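Coordinate-derived values only; no laboratory data. Everything numeric here is computed off the predicted structure, so don't read it as measured data. No Cβ is skipped: glycine too gets one built from the backbone with ideal geometry, and neighbour counts run over all protein chains shown.
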Amino acid sequence: MARVLVFQHVAAEPLGTLDPMLRQRGHRIRYVNFNREPDAQPQVDRYHALIVLGGPMMPDQANRYPHLTTEMRCIEEALKQDMPVLGICLGAQLLAHTLGSAMRPLNEWEIGWYPLAPTAATSADPVLCALTHPQPVFQWHGYSFDLPEGAAHLARTELCENQAFRYGPRAYGFQFHLELDERLINRWLGLPPYLEELENSGVPHGAEEIRDQTRENIKDSVALSRNVFGELLEPLGRKAARHVLPSR
């Protein structure tokens, strides 16, 4: 049974489909919500894995959000300990930034469903090999990053080249939101800050169109998330099944 440390930035962006997968395997989850505890100083060495979730801030806004510096310190420590690390959206950007990559705004925001395409390295990757062809995944971001030096480039979209990477054997950055289910996506589309960001982003579609696309694509997206996250969690092991003696 593993202890998993999770960095959260807003209540509307939890583990999503990862939560039941972790619990079913018997792992313990410890959330650090930096929106509630901006001065938290978590100790990474007490845990077996680190997951850094998304959020509305940008990775180069440490002057405004000092906890981003804390998070990058923790990511660096987790990498030194060869700990499994997963960064999602902002988390992927923080992982890349920790590894020395430059951050930059996208020419066009990605909000909604976009085809995620594998690269030449994807089929050999033990985690993302389930992405065998371009498949729509959910996005919500206006920033991107350079591929970290020495990282394997694992996925791209037309608007954002660096969508997924692996650094070493255990650290992954996913710019996309494979952890979201239909309920969470619809929750985002009902929250004023998200709707305001959608409206100001300049993307050519609105909330209703995204809801329609979600109904069309969510089944395949959740299936991909189970495959990908299942492989990602495999090194953490599973809770031992209780041995039941045969009845006499």
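Descriptive notes on the structure:
- Selection count where residues are within 19 Å of residue 235 (Cβ to Cβ) and charged (D, E, K, R), scope the stretch 1-59: 8
- The set of residues from the stretch 7-51 being surrounded by 20 or more Cβ atoms within 10 Å (Cβ to Cβ) and of a type in the set (Asp, Glu) comprises just one member, 13.
- Among the candidates 149, 110, residue that is under 16 Å from the mean Cα position of the chain (by Cα) and acidic (Asp, Glu): 110
- Restricting the stretch 80-101 to residues that are assigned to a strand (DSSP E or B) and of a type in the set (A, V, I, L, M, F, W, C), the residue that is nearest to the chain's Cα centre (by Cα) is 88.
- Among the numbered conditions (1) part of a loop (DSSP other than H, G, I, E, B); (2) at negative phi, the only one that residue 26 does not meet is (2).
- Among residues of the stretch 170-185, those that are surrounded by 15 or more Cβ atoms within 10 Å (Cβ to Cβ) and over 30 Å from residue 77 (Cβ atoms), counted: 3
- Pairs, first touching a residue at least 24 places away in the same chain (Cβ under 8 Å) and more than 12 Å from residue 159 (Cβ to Cβ) in the stretch 104-122, second of a type in the set (Phe, Trp, Tyr) and loosely packed, with under 15 Cβ neighbours inside 10 Å, C-beta under 6 Å, six or more apart: none
- Flag if residue 60 is at negative phi, surrounded by fewer than 20 Cβ atoms within 10 Å (Cβ to Cβ) and in contact with a helix residue (DSSP H, G or I) (Cβ under 8 Å, 6 or more places away or on another chain): yes
- Only residues that are without any contact (Cβ under 8 Å) to a residue 60 or more places away in the chain and either within 20 Å of residue 105 (Cβ to Cβ) or assigned to a strand (DSSP E or B) (or both) were counted in the stretch 32-79, giving 15.
- Selection within the stretch 133-169: residues that are of a type in the set (Phe, Trp, Tyr) and more than 21 Å from residue 199 (Cα to Cα). The member of this set that is surrounded by the most Cβ atoms within 10 Å (Cβ to Cβ) is 165.
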